[in-house]
Amino acid sequence: MTGATIWLTGLPSAGKTTIAYELAGRLRDEGHRVEVLDGDEIRAFLSAGLGFTREDRHTNVQRIGFVAELLASHGVKVLVPVIAPYADSREAVRKRHHAEGTAFVEVHVATPVEVCSVRDVKGLYAKQAAGEISGLTGVDDPYEAPEAPDLRIESQDQTVRESAALLHALLTEKGLL
Ligand SMILES: Nc1ncnc2c1ncn2[C@@H]1O[C@H](COP(=O)(O)OP(=O)(O)O)[C@@H](O)[C@H]1O
Ligand SMILES: [Mg+2]
């Protein structure tokens, strides 16, 4: 089976995790081997001890990219719902995949910050607004949106299933399924 890393980048509460698990379920039902490397879980283990400085965010993304490539090189569809705010971090992961001959697909879950801050799944936008935290991506920390992602998902305009279906269609089109 063809492996691939499918990275879902976007702001907090954009829908990265939700869309990734929706697609993961569908791919598993179809018999694919699937792994989801979710940002929050990774930070508790693989990236324990890292913070949210530019350097630590970069290191976090490189570690996740390394593991994703290893899995993908063994035929796993690796879904990575991780913010990855810096373009050069994402580019480094793409290059590494390219060098190894492993497919890398970049998906921008492009939900506007106005929508994300209302969803506010983890209460981060509220905490930032209340002055309890700082360094929130897209608010008072940088988010460099991909200029030419393989797919841009406007989650505010469609259902989770529709977003997953778009991504599924892209993978089919790329010959990865
Ligand atoms: N069309 C949609 N696509 C994705 N998520 C949506 C959509 N509409 C509402 N949501 C909700 O938005 C929230 C997104 O949260 P989550 O997936 O954890 O975001 P992220 O992983 O990007 O931080 C979830 O509660 C989800 O149910
Ligand atoms: Mg998430």
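Yes/no matrix, rows are residues, columns are (1) under 17 Å from the mean Cα position of the chain (by Cα); (2) within 17 Å of W7 (Cβ to Cβ):
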site	(1), (2)
T137	yes, yes
A145	yes, yes
A148	yes, yes
R152	yes, yes
T159	no, no
E162	no, no
L166	yes, yes
K174	no, yes
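Being touching an Asp or Glu at 6+ places or on another chain (Cβ under 9 Å) and away from ligand 2 (no atom under 15 Å from the Cβ) is the requirement here; does L27 meet it? So L27 fails the test. Counting only helices (runs of 4 or more DSSP H) that sit wholly inside the range 35-139, those with at least 2 residues that are within 23 Å of S163 (Cβ to Cβ) and either basic (K, R) or in contact with a strand residue (DSSP E or B) (Cβ under 6 Å, 6 or more places away or on another chain) (or both) are 54-72, 87-100. Number of residues in the range 109-152 that are crowded, with 19+ Cβ neighbours inside 10 Å and among the β-branched types (V, I, T) equals 3.
Counting residues in the range 31-42 that are farther than 18 Å from L71 by Cβ and more than 10 Å from ligand 2 (Cβ to nearest atom) gives zero. For the range 75-116, a residue qualifies if it is acidic (D, E), over 17 Å from L151 (Cβ atoms) and within 16 Å of ligand 1 (Cβ to nearest atom), and exactly one does: E114.
None of the figures in this text is laboratory data; all of them are computed from the coordinates on show. All values reported here derive from a predicted model rather than from experimental measurement. Methodologically, a virtual Cβ is constructed for each residue, glycine included, from the backbone with ideal geometry; neighbour enumeration extends over all protein chains shown.
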